[in-house]
Amino acid sequence: MMQEITLRRPDDWHLHLRDGAMLKGVLPETTRHFARAIVMPNLVPPVVTAKDASAYRDRILAALPAGAVFEPLMTLYLTEGTDPADVAAAAAGGLVKAVKLYPAGATTNSHSGVRNLDAVMPVLEKMAGIGLPLLTHGEVTTPEVDIFDREAVFIDTVLDPLRRRLPELRVVMEHITTAEGAAYAAEGGPNLAATITTHHLIINRNHILVGGIKPHYYCLPVAKREHHRQALRKAATSGAPCYFLGTDSAPHVDALKEHACGCAGCFTATNTMPLLAHVFEEEGALDRLEGFASLHGPAFYGLPPNEARIRLVKHEAPQVFPAKILTEAGPVTVFDPGFPVHWHVES
Ligand code: NCD
Ligand code: ZN
């Protein structure tokens, strides 16, 4: 049994860093292990323009812990008012690496999102022309569609028609949660990829609902049935380059998670790499962890993989992770996988 593994330093291709006190509190949890992250733009107000992204990037850099080597990769929040020329200029200057599509009402801070895709076609056409990826929160929000079916319906009624209309558009299906999502990504050719979170490899919907409601396991897209979790594990550990890590680590203070209308999001920045080592070892695929966490993402985004390395060691004793991160905004509960984890990032 392999007890140690060295990887190129991983990147997180889907991360929520927030702003202000929360940003300051959670940023070290990511920079400890990750070299870069695609930073989600769903702030209040959202990061819509190149100017917004530049200012947010400056705030992230100013909040970096001393000595941290970390590059935030910025994204824009697509609205029906987004200017194609502003997007193109932000991409040409290297500031912005992708644009995020939130269907209006789909998730945290998505009310400024897109209601009608026709309204954003000029932006999407520009992006297709310059090769700038569209990152999709792949859920429909129509009230008739059951929340557990939102992803599959999005693929059939929104994503597939869009990709037929604009085949050159590069798309990342963010945080896929279903067998249908994994299968669609696999068949999409070089312009399509999918991120997979750590927590969707570990929990299914029973973890949220059986034996009392567990607000810290509630995220969007919501975890599905066990067979979907199994399909995601198979996809992530397959070695296929269309799948890569996007933790979707999404901090909310405990007071808002443990609430009558609890916020969606699992906070996994702290322990993602040990948890992934555990999962990949269970699947007999430790040798594929580097592809998933450190190689496939840069390849899709046209960036070089990181030169630095991290070393993960499996210890006899279960490793202890903090149960909470204490930020100046309030405590944030770290994702609890519900089983002992023996892996630890040593350096
Ligand atoms: C995210 C957040 O809190 O910003 N929440 C989540 O459950 N994943 C938004 C998102 O990515 O859907
Ligand atoms: Zn997210």
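General observations
- Where Rh is the Kirkwood radius over Cα pairs, Rg/Rh for segment 268-326: 1.02
- Accessible area in square angstrom per residue, segment 4-345, 1.4 angstrom probe: 38
- The long axis of helix 20-31 is offset from the longest Cα principal axis of the chain by roughly 60 degrees.
- Measuring only protein heavy atoms, the 1.4 Å probe finds ARG309 accessible over about 120 Å².
- The equivalent ellipsoid that matches the C-alpha gyration tensor of the chain spans semi-axes of 28, 22, 21 angstrom, in descending order.
- If you look at the Cα atoms of segment 1-141, you get an Rg and a Dmax of 16.1, 55 Å.
- Once the Cα-Cα distance is subtracted from the 0.36 nm per residue extended length, the ARG164 to ASP19 segment shows a gain of 48.5 nm.
- 0 to 90° range, to nearest 10: angle between helix 226-236 axis and the chain longest Cα axis: 90
- Here, segment 121-266 has an Rg and a Dmax of 15.8, 51 Å when only alpha carbons are counted.
- At 1.002 mPa s and 20 °C, Stokes D of segment 230-298 from Kirkwood alpha-carbon radius, µm² per second: 161
- Rounded percent of accessible protein surface that carbon and sulfur make up, segment 4-345, 1.4 Å probe: 55
- Across segment 4-345, C-alpha contacts under 8 Å between residues 6 or more apart give a mean separation that, scaled by the residue count, equals a relative contact order of 20 percent.
- Annotation: peptides 215-225, 83-93, 18-28, ranked by per-residue average of other Cβ atoms within 10 Å with the highest first, follow the order 215-225, 18-28, 83-93.
- Pairwise centroid distance, computed over Cα atoms, of segment 53-115 with segment 119-153, Å: 16
- For the chain, the longest principal axis of the Cα atoms and the long axis of helix 50-63 meet at an angle of about 20 degrees.
- Values of log10 I(q)/I(0), in the order q = 0.09, 0.12 Å⁻¹, for segment 222-338 under a Debye, Cα-only, solvent-free model: -0.31, -0.54
- Protection proxy ranking of 104-111, 317-324, 238-245 - average other beta-carbon atoms within 10 Å, highest first: 238-245, 104-111, 317-324
- For segment 295-347, fraction of C-alpha pairs farther apart than 13 Å, in %: 73
The values are calculated or read from the model by the stated rules, or taken from the named source; none is laboratory data. Computed from a predicted structure; not experimentally measured. Backbone-built Cβ (ideal geometry, glycine too); neighbour counts: all protein chains shown. Protein only, heavy atoms only, side chains kept; ligands, DNA and RNA dropped before computing areas. Shrake-Rupley method; radii C 1.70, N 1.55, O 1.52, S 1.80 Å.
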